[in-house]
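Taking it in order: structure first as structure tokens, then the write-up.
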Amino acid sequence: MAADFRFIVVGRGMMGAAAARHLARQTDGIAVIGPDEPENRDSHGGVFGSHYDEGRITRTIDPDQDWARLANRSISRYAEIERDSGIQFYAPVGCLVTGPKRGSETTYVDDVVEAAGRLGVRTDILDDAGLKAKFPFFSFASGSEGVFEPYGAGHISPRRLVKAQSLLAEKAGARVIKQTALSIRDEAGLAVVTTAEGETFSAEKVLLAAGGFSIAENLLQRPVEMKVYGRTVTFFEVSESEAEALSGMPSLISVTPGDVDSIYMLPPIRYPDGRYYIKIGGDPDDLQFENETRLRAWFRTHGRDKAREHLVRIFHQLVPSAARPPAFTNSCAVSYSPTGYPMIGYTSSPRLAVLTGGCGTAAKSSDEIGRLGAELLLAGRIKDEGYSTDFSAHFSN
């Protein structure tokens, strides 16, 4: 029996849309399956995506060489994706990493400085006085040190990046199927996807790229082995004039001893409602979801009060000039693989593969991760020898 498509990507998020674009550029017969973003998440009963947002930090420096390579290769293609799609998603406002100064018990700044040198990335190293002079709107603890990456860093809109990737995949011939996959099976020599809408689609191979929802019990015969955690993000509204006054604010990663108050923060970004918000994230503890049902329910909430209070306190310490109550909070999720790297590999079937496990740091790197997923389907393996990890996939017993 002939297949409907050569390759199907299940999941229209950051990795899935990127994989679909890279596949469609190289071969015909590509489909990508996944629903649109729901209009009302509070009442939505289906799956969700973590890209339903306007701000993710992007930077080239990472102490881990493989993550640094994933990021650098992706960022180098942002301009091409923006040009070809006509959709702007990248704001190169720079990224500031701060923590206790080098030589202290917390070595994060030491590690970032070492990584920047190894990667040949230009940075500005700032002590207490330097931080206060360059970024007067921030207030850091005495004895802090900052590493500012002015080029190739800032933030991206994950929502607009997915839109750009999807547009380019369609322009290259991919078919977008706005349905929700229920099961993926190897049947009679074909990879078969059955959807909640009651349709069945077949292909030579299927790539599962459903983010945290890849853990769904019946999606694969053996679910992927991943830890999925709920995260709460908090938003503070600023006026247009305040946003203009804070136009020099970079993306921020602030690390504290023991990670007790470690956070990330995005500068003022204009959201679809036309208003400007500063976003802060960094939960005080983990909330793990063992199954997809609980994960769906989590996305219908607005996060945890405990996390909101934690983030409000830290925000007021870091940006004292913007002391005000938060405008709103939202729920998100991160997915961790056993290796600490994305899982890009086959199941026990040579027709079914997975592309998932962003480990809380993959948004900026999603185009390269998607390219590797496309290479896996096209070549049967990842041929790229630039990585020390093998991106192995793991499955529950």
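Out of the residues in segment 20-37 meeting the condition of being surrounded by fewer than 23 Cβ atoms within 10 Å (Cβ to Cβ) and out of contact with any Asp or Glu (no Cβ under 9 Å at 6 or more places or on another chain), tell me which one is farthest from residue 380 (Cα to Cα). This residue is 37.
At least 3 residues being within 16 Å of the chain's Cα centre (by Cα) and outside the structural domain of residue 130 (by the TED database) is the threshold, and among the helices (runs of 4 or more DSSP H) wholly inside segment 1-105 those reaching it are 14-26, 65-75. Selection of first residues in segment 1-13 that are over 26 Å from residue 357 (Cα atoms) and of second residues that are outside any strand (DSSP E or B) and of a type in the set (A, V, I, L, M, F, W, C), restricted to Cβ pairs under 8 Å at least 6 apart or on distinct chains, gives the following pairs, ordered by first then second residue: 1/188. Residue 344 satisfies every condition listed in (1) assigned to a helix (DSSP H, G or I); (2) buried (at least 22 other Cβ atoms within 10 Å of the Cβ); (3) assigned by the TED database to the domain that holds residue 203; (4) over 14 Å from the mean Cα position of the chain (by Cα) except (1). Scanning segment 6-19 for residues that are touching a strand residue (DSSP E or B) at 6+ places or on another chain (Cβ under 8 Å) and crowded, with 24+ Cβ neighbours inside 10 Å yields 7, 8, 9, 10, 11, 12, 15, 16, 17, 19. Restricting attention to segment 315-331, the residues being surrounded by 16 or more Cβ atoms within 10 Å (Cβ to Cβ) and among the hydroxyl-bearing types (Ser, Thr, Tyr) number 2.
For segment 123-154, the set of residues classified as part of a loop (DSSP other than H, G, I, E, B) and farther than 25 Å from residue 55 by Cβ consists of 127, 142, 143, listed by residue number. Of all residues in segment 40-96, those satisfying the criterion of being open to solvent by less than 30 Å² (accessible area, probe 1.4 Å), out of contact with any Leu (no Cβ under 8 Å at 6 or more places or on another chain) and among the β-branched types (Val, Ile, Thr) are 47, 58, 75. Considering segment 97-117, and only residues there that are more than 19 Å from residue 142 (Cα to Cα) and touching a residue at least 24 places away in the same chain (Cβ under 8 Å), the residue that is most open to solvent (accessible area, probe 1.4 Å) turns out to be 114.
When you check residue 396 against the structure, is it among the polar types (S, T, N, Q), open to solvent by 10 Å² or more (accessible area, probe 1.4 Å), touching a Lys or Arg at 6+ places or on another chain (Cβ under 8 Å) and on the phi < 0 side of the Ramachandran plot, yes or no? So residue 396 passes the test.
Scanning segment 155-176 for residues being in a strand (DSSP E or B) and surrounded by fewer than 22 Cβ atoms within 10 Å (Cβ to Cβ) gives a total of 2. Across segment 293-314, the qualifying residues are those that are under 16 Å from residue 327 (Cβ atoms) and more than 22 Å from the chain's Cα centre (by Cα), and the one among them that is surrounded by the fewest Cβ atoms within 10 Å (Cβ to Cβ) is 305.
Starting from residues that are under 23 Å from residue 157 (Cβ atoms) and in contact with an Asp or Glu (Cβ under 7 Å, 6 or more places away or on another chain), keep the ones in segment 269-292 and report whichever is surrounded by the most Cβ atoms within 10 Å (Cβ to Cβ). By that ranking, first place goes to 277.
Matching residues to (1) over 19 Å from residue 378 (Cα atoms); (2) charged (D, E, K, R); (3) out of contact with any Lys or Arg (no Cβ under 7 Å at 6 or more places or on another chain); (4) in the same structural domain as residue 12 (by the TED database):
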site	(1), (2), (3), (4)
163	yes, yes, yes, yes
173	no, no, yes, yes
178	yes, yes, yes, yes
191	no, no, no, yes
202	no, no, yes, yes
209	no, no, yes, yes
218	yes, no, yes, yes
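A residue that is touching a residue at least 12 places away in the same chain (Cβ under 8 Å), exposed (fewer than 14 other Cβ atoms within 10 Å of the Cβ) and closer than 26 Å to residue 391 by Cβ can be found somewhere in segment 221-240. Among the residues making up segment 376-397, those that are within 24 Å of residue 80 (Cα to Cα), in contact (Cβ under 8 Å) with a residue 24 or more places away in the chain and not small (Gly, Ala, Ser) are 376, 377, 378, 382, 387. The sole residue among 334, 354 that is out of contact with any helix residue (DSSP H, G or I) (no Cβ under 6 Å at 6 or more places or on another chain), closer than 30 Å to residue 82 by Cβ, part of a strand (DSSP E or B) and open to solvent by less than 10 Å² (accessible area, probe 1.4 Å) is 354.
The values are calculated or read from the model by the stated rules, or taken from the named source; none is laboratory data. This is a predicted model, so every value here is computed, not measured. Neighbour counts run over all protein chains shown; Cβ positions are idealised from the backbone, glycine included. Keep in mind that these areas ignore ligands, DNA and RNA; they rest on the heavy atoms of the full protein, side chains included. Shrake-Rupley method; radii C 1.70, N 1.55, O 1.52, S 1.80 Å.
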